[in-house]
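Data block below; observations after.
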Amino acid sequence: MEQLNKGLVKDLLVYPEKVLQFGEGNFLRGFVDWQIDVMNKQGYFNGSVVVVQPRGQEKIEKLNAQDGLYTLYLQGMKEGIAVQEHSIITSISRGINLFTEYDQYLDLAANPELRFIFSNTTEAGIVFDENDRLEDRPQKSFPGKLTAILYQRYNVFQGNKDKGFIIIPCELIERNGEKLKEIVLKYAELWNLSDEFVAWIHECNTFCNSLVDRIVPGYPIDTIEEITKELGYKDNLLVVGEQYHLWVIEGPQSIREEFPAHLAGLNTLMVDDLSPYRTIKVRILNGAHTAMTPVSYLYGINTVAEAIEDEVTGQFVKDLIYDEIIPTLDMPMEELHSFAEAVLDRFRNPFMQHFLLSISLNSVSKFKTRDLPTLMEYYNRKRELPKKLVFSLATLISFYKGKRGEEEIVLADDQDVLDLFNVQWSHYNGTIDSVKDIVTSVLGYERVWEMDLNQVPGLTAAVTNDLFTIETKGMKKALESLLGQKAAN
(Lines give C-alpha, C1' and ligand atoms only; values in the text may rest on other atoms or scores of the structure.)
Protein backbone atom coordinates (compact mmCIF):
# COMPACT_ATOMS: atom_id res chain seq x y z
CA MET A 1 0.00 0.00 0.00
CA GLU A 2 1.32 3.43 -0.97
CA GLN A 3 2.34 6.00 1.61
CA LEU A 4 0.51 9.34 1.58
CA ASN A 5 2.17 11.80 -0.81
CA LYS A 6 1.18 14.68 -3.10
CA GLY A 7 0.59 12.27 -5.98
CA LEU A 8 -2.47 10.96 -4.12
CA VAL A 9 -4.10 14.40 -3.80
CA LYS A 10 -6.06 15.74 -6.75
CA ASP A 11 -5.72 19.41 -7.69
CA LEU A 12 -3.14 20.09 -4.96
CA LEU A 13 -2.54 23.82 -4.76
CA VAL A 14 0.76 25.42 -3.74
CA TYR A 15 0.49 28.44 -1.45
CA PRO A 16 3.12 31.03 -0.46
CA GLU A 17 4.67 30.44 2.96
CA LYS A 18 2.94 32.90 5.28
CA VAL A 19 3.37 31.03 8.57
CA LEU A 20 6.42 29.88 10.53
CA GLN A 21 5.43 27.25 13.06
CA PHE A 22 7.48 26.05 16.01
CA GLY A 23 6.22 22.56 16.67
CA GLU A 24 5.20 19.64 14.50
CA GLY A 25 3.20 17.72 17.11
CA ASN A 26 -0.33 16.40 17.11
CA PHE A 27 -1.99 19.46 18.61
CA LEU A 28 -0.76 22.07 16.15
CA ARG A 29 -1.49 19.79 13.20
CA GLY A 30 -4.95 18.96 14.53
CA PHE A 31 -5.78 22.55 15.43
CA VAL A 32 -3.82 25.42 13.84
CA ASP A 33 -2.79 23.76 10.57
CA TRP A 34 -6.31 22.35 10.17
CA GLN A 35 -7.77 25.84 10.53
CA ILE A 36 -5.40 27.20 7.89
CA ASP A 37 -6.37 24.29 5.63
CA VAL A 38 -10.07 25.12 6.10
CA MET A 39 -9.43 28.77 5.26
CA ASN A 40 -7.32 27.86 2.23
CA LYS A 41 -9.97 25.53 0.82
CA GLN A 42 -12.54 28.31 1.13
CA GLY A 43 -10.21 30.87 -0.45
CA TYR A 44 -9.75 33.10 2.59
CA PHE A 45 -6.08 32.70 3.60
CA ASN A 46 -4.10 31.38 0.64
CA GLY A 47 -0.96 30.65 2.61
CA SER A 48 1.06 27.69 3.80
CA VAL A 49 2.98 26.73 6.92
CA VAL A 50 6.68 25.98 7.17
CA VAL A 51 7.42 23.92 10.26
CA VAL A 52 10.51 23.75 12.47
CA GLN A 53 10.90 21.43 15.43
CA PRO A 54 11.55 22.50 19.03
CA ARG A 55 13.44 19.25 19.69
CA GLY A 56 14.30 15.96 17.96
CA GLN A 57 13.92 15.44 14.23
CA GLU A 58 11.90 12.25 13.64
CA LYS A 59 8.59 14.04 12.97
CA ILE A 60 10.23 16.51 10.56
CA GLU A 61 11.61 13.59 8.54
CA LYS A 62 8.19 11.89 8.51
CA LEU A 63 6.53 15.15 7.48
CA ASN A 64 8.83 15.70 4.53
CA ALA A 65 8.54 12.04 3.50
CA GLN A 66 4.78 12.68 3.07
CA ASP A 67 5.24 16.05 1.31
CA GLY A 68 3.86 17.84 4.38
CA LEU A 69 0.55 15.96 4.09
CA TYR A 70 -1.36 14.07 6.77
CA THR A 71 -4.89 12.90 7.52
CA LEU A 72 -7.01 14.41 10.28
CA TYR A 73 -9.83 12.32 11.76
CA LEU A 74 -12.38 14.36 13.71
CA GLN A 75 -14.58 12.32 16.02
CA GLY A 76 -17.30 13.54 18.33
CA MET A 77 -20.64 15.22 18.73
CA LYS A 78 -21.65 17.60 15.96
CA GLU A 79 -25.04 19.30 16.32
CA GLY A 80 -26.09 16.55 18.71
CA ILE A 81 -25.03 13.67 16.46
CA ALA A 82 -21.97 11.43 16.83
CA VAL A 83 -19.86 12.10 13.72
CA GLN A 84 -16.58 10.74 12.32
CA GLU A 85 -15.05 12.52 9.35
CA HIS A 86 -11.61 12.80 7.86
CA SER A 87 -9.69 14.94 5.41
CA ILE A 88 -6.15 15.29 4.06
CA ILE A 89 -4.57 18.48 5.41
CA THR A 90 -2.53 20.28 2.77
CA SER A 91 -1.52 23.48 4.55
CA ILE A 92 2.07 22.50 5.46
CA SER A 93 4.62 23.23 2.73
CA ARG A 94 7.67 21.58 4.32
CA GLY A 95 9.59 20.96 7.49
CA ILE A 96 13.04 22.37 8.24
CA ASN A 97 15.42 20.42 10.45
CA LEU A 98 17.00 23.04 12.69
CA PHE A 99 19.97 20.84 13.45
CA THR A 100 20.97 20.14 9.85
CA GLU A 101 19.31 22.97 7.90
CA TYR A 102 19.80 26.02 10.09
CA ASP A 103 20.71 28.22 7.13
CA GLN A 104 17.34 27.41 5.56
CA TYR A 105 15.74 28.51 8.81
CA LEU A 106 17.50 31.87 8.75
CA ASP A 107 16.65 32.24 5.04
CA LEU A 108 12.97 32.33 6.02
CA ALA A 109 13.59 35.81 7.40
CA ALA A 110 14.08 37.09 3.85
CA ASN A 111 10.61 35.94 2.72
CA PRO A 112 8.52 39.14 2.52
CA GLU A 113 5.25 37.14 2.62
CA LEU A 114 6.06 35.47 5.93
CA ARG A 115 3.71 37.11 8.43
CA PHE A 116 2.62 34.79 11.24
CA ILE A 117 4.52 32.79 13.85
CA PHE A 118 2.67 30.10 15.82
CA SER A 119 4.07 27.77 18.47
CA ASN A 120 3.25 24.95 20.82
CA THR A 121 6.42 23.86 22.58
CA THR A 122 4.62 22.65 25.75
CA GLU A 123 4.33 24.68 28.93
CA ALA A 124 8.07 24.17 29.52
CA GLY A 125 8.92 25.72 26.14
CA ILE A 126 8.56 29.40 26.97
CA VAL A 127 11.66 29.62 29.14
CA PHE A 128 14.85 31.67 29.26
CA ASP A 129 18.17 29.81 28.94
CA GLU A 130 21.04 32.09 29.87
CA ASN A 131 23.44 29.77 28.03
CA ASP A 132 21.82 30.43 24.64
CA ARG A 133 23.91 32.52 22.25
CA LEU A 134 23.00 34.27 19.01
CA GLU A 135 25.73 32.35 17.17
CA ASP A 136 24.35 28.95 18.27
CA ARG A 137 22.99 26.78 15.45
CA PRO A 138 20.35 26.36 16.81
CA GLN A 139 19.74 27.89 20.21
CA LYS A 140 18.44 25.45 22.83
CA SER A 141 15.31 27.35 23.85
CA PHE A 142 12.34 28.21 21.66
CA PRO A 143 12.48 31.94 22.62
CA GLY A 144 16.19 31.90 21.75
CA LYS A 145 15.45 30.48 18.29
CA LEU A 146 12.67 33.03 17.86
CA THR A 147 14.89 35.96 18.85
CA ALA A 148 17.53 34.83 16.36
CA ILE A 149 15.14 34.86 13.41
CA LEU A 150 13.56 38.13 14.52
CA TYR A 151 17.03 39.71 14.53
CA GLN A 152 17.75 38.21 11.11
CA ARG A 153 14.46 39.63 9.84
CA TYR A 154 15.30 43.05 11.24
CA ASN A 155 18.68 43.06 9.52
CA VAL A 156 17.51 41.67 6.16
CA PHE A 157 14.86 44.35 5.81
CA GLN A 158 16.92 47.03 7.58
CA GLY A 159 14.32 47.64 10.24
CA ASN A 160 11.40 48.07 7.81
CA LYS A 161 8.35 48.75 9.97
CA ASP A 162 6.09 46.71 7.66
CA LYS A 163 8.09 43.51 8.04
CA GLY A 164 7.26 42.59 11.63
CA PHE A 165 5.34 39.45 12.62
CA ILE A 166 2.08 38.55 14.31
CA ILE A 167 3.22 36.05 16.94
CA ILE A 168 0.60 33.79 18.57
CA PRO A 169 1.89 31.14 21.00
CA CYS A 170 -0.49 28.28 21.85
CA GLU A 171 1.31 26.99 24.95
CA LEU A 172 -1.04 26.39 27.88
CA ILE A 173 0.24 29.11 30.18
CA GLU A 174 -1.48 32.34 31.14
CA ARG A 175 -0.49 35.49 29.25
CA ASN A 176 1.64 33.32 26.95
CA GLY A 177 2.27 36.08 24.40
CA GLU A 178 3.38 38.57 27.02
CA LYS A 179 5.73 36.06 28.63
CA LEU A 180 7.24 35.12 25.29
CA LYS A 181 7.89 38.78 24.46
CA GLU A 182 9.51 39.34 27.86
CA ILE A 183 11.97 36.54 27.20
CA VAL A 184 12.75 37.73 23.66
CA LEU A 185 13.64 41.12 25.14
CA LYS A 186 15.85 39.42 27.74
CA TYR A 187 17.76 37.75 24.91
CA ALA A 188 18.11 41.07 23.12
CA GLU A 189 19.72 42.43 26.28
CA LEU A 190 21.87 39.33 26.88
CA TRP A 191 23.16 39.36 23.32
CA ASN A 192 23.73 43.13 23.30
CA LEU A 193 21.46 43.68 20.34
CA SER A 194 20.77 47.27 19.35
CA ASP A 195 18.27 49.65 20.90
CA GLU A 196 16.85 50.07 17.40
CA PHE A 197 16.13 46.33 17.21
CA VAL A 198 14.39 46.46 20.60
CA ALA A 199 12.29 49.39 19.39
CA TRP A 200 11.40 47.39 16.23
CA ILE A 201 10.27 44.48 18.43
CA HIS A 202 7.97 46.78 20.37
CA GLU A 203 6.62 48.83 17.48
CA CYS A 204 6.44 46.40 14.57
CA ASN A 205 5.66 42.97 16.06
CA THR A 206 2.42 41.92 17.74
CA PHE A 207 2.67 39.30 20.49
CA CYS A 208 -0.83 37.93 21.20
CA ASN A 209 -1.98 36.04 24.25
CA SER A 210 -4.10 33.07 23.23
CA LEU A 211 -6.30 30.34 24.66
CA VAL A 212 -6.68 27.06 22.77
CA ASP A 213 -9.14 24.26 23.36
CA ARG A 214 -9.42 20.97 21.49
CA ILE A 215 -8.65 17.43 22.62
CA VAL A 216 -6.19 15.92 20.14
CA PRO A 217 -5.27 12.35 21.22
CA GLY A 218 -3.01 12.02 18.15
CA TYR A 219 -1.99 8.82 16.38
CA PRO A 220 -4.59 6.04 16.88
CA ILE A 221 -2.35 3.07 17.63
CA ASP A 222 -5.25 0.77 18.54
CA THR A 223 -7.28 1.35 15.36
CA ILE A 224 -4.66 2.32 12.77
CA GLU A 225 -4.96 -0.97 10.83
CA GLU A 226 -8.68 -0.61 10.16
CA ILE A 227 -8.28 3.12 9.43
CA THR A 228 -5.50 2.37 6.92
CA LYS A 229 -7.76 -0.14 5.13
CA GLU A 230 -10.50 2.46 4.99
CA LEU A 231 -8.17 5.15 3.61
CA GLY A 232 -6.37 2.97 1.08
CA TYR A 233 -2.97 4.51 1.89
CA LYS A 234 -0.47 4.57 4.75
CA ASP A 235 -0.18 7.70 6.85
CA ASN A 236 2.53 7.80 9.52
CA LEU A 237 1.30 11.17 10.75
CA LEU A 238 -2.43 10.54 10.99
CA VAL A 239 -4.03 12.58 13.78
CA VAL A 240 -7.29 12.03 15.67
CA GLY A 241 -9.06 14.96 17.31
CA GLU A 242 -12.46 15.86 18.69
CA GLN A 243 -14.95 17.91 16.70
CA TYR A 244 -15.02 20.81 19.16
CA HIS A 245 -12.49 23.62 18.87
CA LEU A 246 -12.04 27.08 20.36
CA TRP A 247 -9.23 29.56 19.79
CA VAL A 248 -9.40 32.89 21.61
CA ILE A 249 -6.75 35.40 20.51
CA GLU A 250 -6.18 38.59 22.44
CA GLY A 251 -5.10 41.19 19.94
CA PRO A 252 -6.13 43.99 17.60
CA GLN A 253 -9.21 43.38 15.45
CA SER A 254 -7.10 44.16 12.36
CA ILE A 255 -5.65 40.64 12.61
CA ARG A 256 -9.03 39.30 11.42
CA GLU A 257 -8.35 40.84 8.01
CA GLU A 258 -5.15 38.79 7.61
CA PHE A 259 -6.35 35.69 9.45
CA PRO A 260 -10.09 35.59 8.61
CA ALA A 261 -11.01 32.40 10.47
CA HIS A 262 -14.43 33.86 11.27
CA LEU A 263 -15.31 33.98 7.57
CA ALA A 264 -14.58 30.25 7.30
CA GLY A 265 -17.02 29.44 10.11
CA LEU A 266 -14.28 28.58 12.61
CA ASN A 267 -14.71 29.09 16.34
CA THR A 268 -11.74 31.46 16.50
CA LEU A 269 -12.35 34.73 18.31
CA MET A 270 -10.31 37.94 18.25
CA VAL A 271 -10.91 39.74 21.56
CA ASP A 272 -9.56 42.64 23.60
CA ASP A 273 -9.35 40.54 26.76
CA LEU A 274 -9.36 36.74 26.86
CA SER A 275 -9.48 36.43 30.66
CA PRO A 276 -13.31 35.97 30.75
CA TYR A 277 -12.95 33.09 28.27
CA ARG A 278 -10.21 31.52 30.35
CA THR A 279 -12.43 31.83 33.40
CA ILE A 280 -15.44 30.13 31.80
CA LYS A 281 -13.21 27.34 30.44
CA VAL A 282 -11.60 26.72 33.83
CA ARG A 283 -14.87 27.03 35.78
CA ILE A 284 -17.26 25.16 33.47
CA LEU A 285 -15.13 22.65 31.54
CA ASN A 286 -12.32 21.95 34.00
CA GLY A 287 -14.42 22.63 37.08
CA ALA A 288 -17.15 20.20 36.05
CA HIS A 289 -14.53 17.61 35.11
CA THR A 290 -12.88 17.81 38.52
CA ALA A 291 -16.12 17.95 40.53
CA MET A 292 -17.74 15.02 38.72
CA THR A 293 -14.73 12.69 38.91
CA PRO A 294 -14.90 11.45 42.54
CA VAL A 295 -18.71 11.49 42.56
CA SER A 296 -19.06 9.44 39.38
CA TYR A 297 -16.21 7.05 40.21
CA LEU A 298 -17.47 6.25 43.70
CA TYR A 299 -20.95 5.84 42.19
CA GLY A 300 -19.48 2.96 40.19
CA ILE A 301 -18.80 4.60 36.82
CA ASN A 302 -15.43 4.53 35.06
CA THR A 303 -15.52 6.98 32.13
CA VAL A 304 -16.63 10.55 31.53
CA ALA A 305 -19.04 9.58 28.74
CA GLU A 306 -20.72 6.96 30.93
CA ALA A 307 -21.10 9.51 33.71
CA ILE A 308 -22.90 11.96 31.44
CA GLU A 309 -25.17 9.31 29.93
CA ASP A 310 -26.11 7.88 33.34
CA GLU A 311 -29.44 9.27 34.55
CA VAL A 312 -28.22 10.06 38.07
CA THR A 313 -24.63 11.23 37.63
CA GLY A 314 -25.62 12.96 34.40
CA GLN A 315 -28.20 15.01 36.30
CA PHE A 316 -25.60 15.83 38.96
CA VAL A 317 -23.18 17.25 36.36
CA LYS A 318 -25.85 19.23 34.50
CA ASP A 319 -27.32 20.68 37.70
CA LEU A 320 -23.82 21.54 38.92
CA ILE A 321 -23.05 23.48 35.74
CA TYR A 322 -26.37 25.27 35.26
CA ASP A 323 -27.39 25.86 38.89
CA GLU A 324 -24.06 26.53 40.60
CA ILE A 325 -21.25 27.37 38.17
CA ILE A 326 -22.99 29.55 35.57
CA PRO A 327 -24.66 31.84 38.17
CA THR A 328 -21.17 32.90 39.36
CA LEU A 329 -19.98 34.05 35.91
CA ASP A 330 -20.44 37.53 34.44
CA MET A 331 -20.85 36.87 30.74
CA PRO A 332 -23.97 36.88 28.53
CA MET A 333 -26.22 33.99 29.56
CA GLU A 334 -26.66 32.84 25.98
CA GLU A 335 -22.88 32.54 25.59
CA LEU A 336 -22.51 30.65 28.88
CA HIS A 337 -25.29 28.20 28.02
CA SER A 338 -23.87 27.64 24.55
CA PHE A 339 -20.46 26.86 26.05
CA ALA A 340 -22.01 24.56 28.65
CA GLU A 341 -23.92 22.61 25.98
CA ALA A 342 -20.69 22.19 24.01
CA VAL A 343 -18.94 20.94 27.15
CA LEU A 344 -21.62 18.31 27.78
CA ASP A 345 -21.39 17.20 24.15
CA ARG A 346 -17.63 16.85 24.54
CA PHE A 347 -18.05 14.86 27.74
CA ARG A 348 -20.41 12.40 26.03
CA ASN A 349 -18.15 11.92 22.99
CA PRO A 350 -18.54 8.17 22.30
CA PHE A 351 -15.28 7.96 20.37
CA MET A 352 -13.05 8.90 23.31
CA GLN A 353 -12.54 6.67 26.32
CA HIS A 354 -11.74 9.25 28.98
CA PHE A 355 -11.21 7.27 32.19
CA LEU A 356 -12.11 9.05 35.40
CA LEU A 357 -9.11 7.59 37.21
CA SER A 358 -6.78 9.01 34.59
CA ILE A 359 -8.05 12.53 35.27
CA SER A 360 -8.00 12.16 39.07
CA LEU A 361 -4.31 13.09 39.27
CA ASN A 362 -3.75 15.86 41.85
CA SER A 363 -7.49 16.25 42.37
CA VAL A 364 -7.10 18.30 45.56
CA SER A 365 -5.08 21.07 43.93
CA LYS A 366 -7.37 20.89 40.89
CA PHE A 367 -10.40 21.42 43.12
CA LYS A 368 -8.67 24.41 44.67
CA THR A 369 -7.95 26.01 41.28
CA ARG A 370 -11.06 25.03 39.35
CA ASP A 371 -13.91 24.67 41.87
CA LEU A 372 -13.08 26.57 45.03
CA PRO A 373 -13.40 29.98 43.29
CA THR A 374 -16.91 28.99 42.19
CA LEU A 375 -17.83 27.82 45.69
CA MET A 376 -16.59 31.08 47.22
CA GLU A 377 -18.22 33.29 44.58
CA TYR A 378 -21.53 31.44 44.92
CA TYR A 379 -21.48 32.00 48.67
CA ASN A 380 -20.51 35.67 48.29
CA ARG A 381 -23.39 36.30 45.89
CA LYS A 382 -26.13 34.21 47.50
CA ARG A 383 -25.04 33.91 51.13
CA GLU A 384 -25.61 30.18 50.93
CA LEU A 385 -23.44 27.23 49.97
CA PRO A 386 -23.66 25.48 46.57
CA LYS A 387 -24.93 22.03 47.57
CA LYS A 388 -23.48 20.04 44.68
CA LEU A 389 -20.01 21.56 44.95
CA VAL A 390 -20.09 20.94 48.70
CA PHE A 391 -21.12 17.35 48.02
CA SER A 392 -18.28 17.00 45.52
CA LEU A 393 -15.81 18.27 48.12
CA ALA A 394 -17.12 15.73 50.61
CA THR A 395 -16.85 13.01 47.98
CA LEU A 396 -13.30 14.08 47.20
CA ILE A 397 -12.38 13.46 50.85
CA SER A 398 -14.04 10.04 50.63
CA PHE A 399 -12.20 9.30 47.37
CA TYR A 400 -8.86 9.95 49.08
CA LYS A 401 -9.62 7.15 51.53
CA GLY A 402 -8.42 5.05 48.60
CA LYS A 403 -11.29 2.59 48.42
CA ARG A 404 -14.30 1.98 46.16
CA GLY A 405 -16.07 -0.72 48.09
CA GLU A 406 -13.48 -3.48 48.38
CA GLU A 407 -11.56 -2.18 45.38
CA GLU A 408 -8.39 -0.19 46.04
CA ILE A 409 -8.00 3.21 44.35
CA VAL A 410 -4.45 4.03 43.28
CA LEU A 411 -4.20 7.67 44.32
CA ALA A 412 -1.82 10.06 42.57
CA ASP A 413 -0.99 13.29 44.36
CA ASP A 414 1.76 15.10 46.26
CA GLN A 415 3.07 12.97 49.10
CA ASP A 416 2.12 15.48 51.80
CA VAL A 417 -1.49 15.42 50.57
CA LEU A 418 -1.55 11.62 50.57
CA ASP A 419 -0.01 11.59 54.06
CA LEU A 420 -2.69 14.00 55.33
CA PHE A 421 -5.52 11.75 54.17
CA ASN A 422 -3.80 8.57 55.36
CA VAL A 423 -3.43 9.95 58.86
CA GLN A 424 -6.95 11.36 59.02
CA TRP A 425 -8.70 8.26 57.70
CA SER A 426 -6.74 6.06 60.14
CA HIS A 427 -8.72 7.76 62.94
CA TYR A 428 -12.14 7.11 61.41
CA ASN A 429 -14.35 4.97 63.67
CA GLY A 430 -17.76 5.29 62.06
CA THR A 431 -18.98 8.19 64.19
CA ILE A 432 -19.96 11.62 62.95
CA ASP A 433 -17.44 13.14 65.37
CA SER A 434 -14.59 11.28 63.69
CA VAL A 435 -15.88 12.44 60.30
CA LYS A 436 -15.96 16.03 61.55
CA ASP A 437 -12.35 15.68 62.71
CA ILE A 438 -11.32 14.49 59.24
CA VAL A 439 -13.20 17.31 57.52
CA THR A 440 -11.84 19.96 59.88
CA SER A 441 -8.26 18.83 59.31
CA VAL A 442 -8.65 18.67 55.52
CA LEU A 443 -10.41 22.04 55.22
CA GLY A 444 -7.80 23.58 57.48
CA TYR A 445 -4.85 22.40 55.37
CA GLU A 446 -3.75 25.86 54.24
CA ARG A 447 -0.75 24.57 52.30
CA VAL A 448 -3.22 23.45 49.60
CA TRP A 449 -6.14 25.83 50.01
CA GLU A 450 -4.11 28.95 50.89
CA MET A 451 -6.79 29.68 53.50
CA ASP A 452 -8.63 27.92 56.32
CA LEU A 453 -11.85 26.72 54.70
CA ASN A 454 -13.32 26.09 58.15
CA GLN A 455 -13.79 29.87 58.27
CA VAL A 456 -16.37 29.72 55.46
CA PRO A 457 -19.71 29.89 57.31
CA GLY A 458 -21.44 26.52 57.42
CA LEU A 459 -18.94 24.71 55.18
CA THR A 460 -17.44 22.40 57.81
CA ALA A 461 -20.87 21.24 58.97
CA ALA A 462 -22.19 20.78 55.42
CA VAL A 463 -19.19 18.76 54.24
CA THR A 464 -19.30 16.71 57.45
CA ASN A 465 -22.97 15.82 56.95
CA ASP A 466 -22.45 14.86 53.31
CA LEU A 467 -19.36 12.79 54.07
CA PHE A 468 -21.09 11.01 56.96
CA THR A 469 -24.01 10.15 54.65
CA ILE A 470 -21.63 8.82 52.00
CA GLU A 471 -19.73 6.70 54.50
CA THR A 472 -22.76 5.30 56.34
CA LYS A 473 -25.38 4.98 53.57
CA GLY A 474 -23.19 4.62 50.50
CA MET A 475 -22.70 6.85 47.49
CA LYS A 476 -25.88 5.83 45.66
CA LYS A 477 -28.19 6.73 48.54
CA ALA A 478 -26.21 9.88 49.29
CA LEU A 479 -26.51 11.06 45.70
CA GLU A 480 -30.18 10.05 45.66
CA SER A 481 -30.77 12.22 48.72
CA LEU A 482 -28.89 15.17 47.18
CA LEU A 483 -30.73 15.06 43.85
CA GLY A 484 -34.11 14.10 45.25
CA GLN A 485 -34.48 11.10 42.98
CA LYS A 486 -34.11 7.34 43.20
CA ALA A 487 -30.56 6.33 42.34
CA ALA A 488 -30.10 3.45 39.93
CA ASN A 489 -29.43 0.08 41.50
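Numbers at a glance
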{"read-out": "Any pair with Cβ under 9 angstrom, 6 or more apart, that starts in segment 462-475 at a residue that is within 16 Å of residue 403 (Cβ to Cβ) and assigned by TED's automatic domain parsing to the domain that holds residue 386 and ends at one that is aromatic (Phe, Trp, Tyr) and assigned to a helix (DSSP H, G or I)", "value": "470/391; 475/299"}
{"read-out": "Test: residue in segment 261-272 that is in contact (Cβ under 8 Å) with a residue 24 or more places away in the chain, in contact with a Lys or Arg (Cβ under 9 Å, 6 or more places away or on another chain), of a type in the set (Gly, Ala, Ser) and in a helix (DSSP H, G or I)", "value": "yes"}
{"read-out": "Set 179, 161: member being surrounded by fewer than 21 Cβ atoms within 10 Å (Cβ to Cβ) and over 23 Å from residue 55 (Cα atoms)", "value": "161"}
{"read-out": "All positions within segment 307-334 that are free of Cβ contacts under 8 Å to residues at least 40 places away in the same chain and in contact with a helix residue (DSSP H, G or I) (Cβ under 8 Å, 6 or more places away or on another chain)", "value": "314, 317, 318, 321, 322, 333"}
{"read-out": "Members of segment 154-178 that are within 14 Å of residue 202 (Cα to Cα) and in a helix (DSSP H, G or I)", "value": "154, 161, 162, 163, 177, 178"}
{"read-out": "Index of the failed condition, residue 394 passing every other in (1) surrounded by fewer than 21 Cβ atoms within 10 Å (Cβ to Cβ); (2) closer than 14 Å to residue 363 by Cα; (3) touching a Leu at 6+ places or on another chain (Cβ under 8 Å)", "value": "(1)"}
{"read-out": "Lone qualifier among 48, 91, 87 - being under 17 Å from residue 170 (Cβ atoms), of a type outside the set (Val, Ile, Thr) and either in the same structural domain as residue 170 (by TED's automatic domain parsing) or touching a Lys or Arg at 6+ places or on another chain (Cβ under 9 Å) (or both)", "value": "91"}
{"read-out": "Some residue of segment 80-90 being over 23 Å from the mean Cα position of the chain (by Cα) and buried (at least 21 other Cβ atoms within 10 Å of the Cβ)", "value": "yes"}
{"read-out": "Qualifying strands (runs of 3 or more DSSP E) (wholly inside segment 13-102; at least 2 residues being among the polar types (S, T, N, Q) and under 23 Å from residue 243 (Cα atoms))", "value": "70-78, 81-89"}
{"read-out": "Top-ranked residue of segment 242-260 - restricted to ones that are touching a residue at least 24 places away in the same chain (Cβ under 8 Å) and part of a helix (DSSP H, G or I), ranked as nearest to the chain's Cα centre (by Cα)", "value": "255"}
{"read-out": "Hits in segment 329-339 - residues which are closer than 21 Å to residue 381 by Cα and out of contact with any Leu (no Cβ under 7 Å at 6 or more places or on another chain)", "value": "330, 331, 332, 333, 334, 335, 337"}
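Residues are listed down the side, and each one gets a yes or a no for (1) in contact (Cβ under 8 Å) with a residue 24 or more places away in the chain; (2) farther than 18 Å from residue 455 by Cβ; (3) of a type in the set (A, V, I, L, M):
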{"position": "348", "(1), (2), (3)": "yes, yes, no"}
{"position": "359", "(1), (2), (3)": "yes, yes, yes"}
{"position": "366", "(1), (2), (3)": "yes, yes, no"}
{"position": "372", "(1), (2), (3)": "yes, no, yes"}
{"position": "377", "(1), (2), (3)": "yes, no, no"}
{"position": "395", "(1), (2), (3)": "yes, yes, no"}
{"position": "415", "(1), (2), (3)": "no, yes, no"}
{"position": "426", "(1), (2), (3)": "no, yes, no"}
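The values are calculated or read from the model by the stated rules, or taken from the named source; none is laboratory data. The structure displayed is predicted, hence computed values, not measured ones. All Cβ positions, glycine included, derive from the backbone under ideal geometry; neighbour counts span all protein chains shown.
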